[in-house]
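Inspection log for the structure reproduced underneath, given as structure tokens.
Please treat every number below as a calculation from the coordinates, not as lab data. Everything numeric here is computed off the predicted structure, so don't read it as measured data. FYI the Cβ positions are ideal-geometry reconstructions off the backbone, even for glycines, and counts take in every protein chain you see.
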Amino acid sequence: DQIQLLIISQDAQERLSSIRAKAEDLQKQRLQRLRRQYEAQLTQAERAPTAAAAGRVFSRLVEELSAVTSLSKELGPLLGRALVGLAQNQVARGDAQLASTVKRAQNYPLPPSGVDFVARHYAARKDSGPDAVKAFLAYIRARRNQLLVPNDPVYLAARATCAVSPTDAEARLKEVETRAQAFLEADSRLGWAALQLGSSLLWQGHPRKAL
């Protein structure tokens, strides 16, 4: 009897494993269909003849993708792409929701063009807040193997976020230390980041670390 129960138990486990595998396969197929569907719609929006037409499609896609409670690896980047598309459309229409849309887009993987757009958005606004720094870091990491362009507005904006002087409060010096270190880790060629890091450490009373 015990042997028979053991065989039945093993058979049940095998059936359960088979059911789970089929369910996972069906879920993957569903995600692949959704991805192709949304990619086609995004391409349609990006090629729309008018800003109004594009805006309607991007808005709908953002709403639909945002409704997915747990975005997969396949759908997360599509929402990021849709948010960037919506933000670019909002620029054309002068929409007051632009800043909010850009901030939302930063929560998802972005294509290279999206990384560029978000970073240049903050640079144009001369923003030095945490979201701007996050965007500048993503931009700099993406170009760490490319030639440095001295007058690139994003690099200039990133450098401005690390402006520091010996009269700054300790909290500001520490903030610049953290930021400059992050920029230097993103691209070791940034001499200004090394200089600002050293200055912030020196003025915090750490001359040896500043060397």
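If you check residue 172 against the conditions, is it charged (D, E, K, R) and either surrounded by 13 or more Cβ atoms within 10 Å (Cβ to Cβ) or within 29 Å of residue 83 (Cβ to Cβ) (or both)? First the steps, then the outcome.
Values: charged (D, E, K, R): yes; either surrounded by 13 or more Cβ atoms within 10 Å (Cβ to Cβ) or within 29 Å of residue 83 (Cβ to Cβ) (or both): yes.
Answer is yes for this residue.
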Checklist outcome for this item: Screening 134, 126, 174 for residues that are in contact with a Ser or Thr (Cβ under 8 Å, 6 or more places away or on another chain) and of a type outside the set (Asp, Glu) leaves only 174
Checklist entry - Does region 176-190 contain any residue that is surrounded by fewer than 18 Cβ atoms within 10 Å (Cβ to Cβ) and more than 22 Å from the chain's Cα centre (by Cα)? => result yes
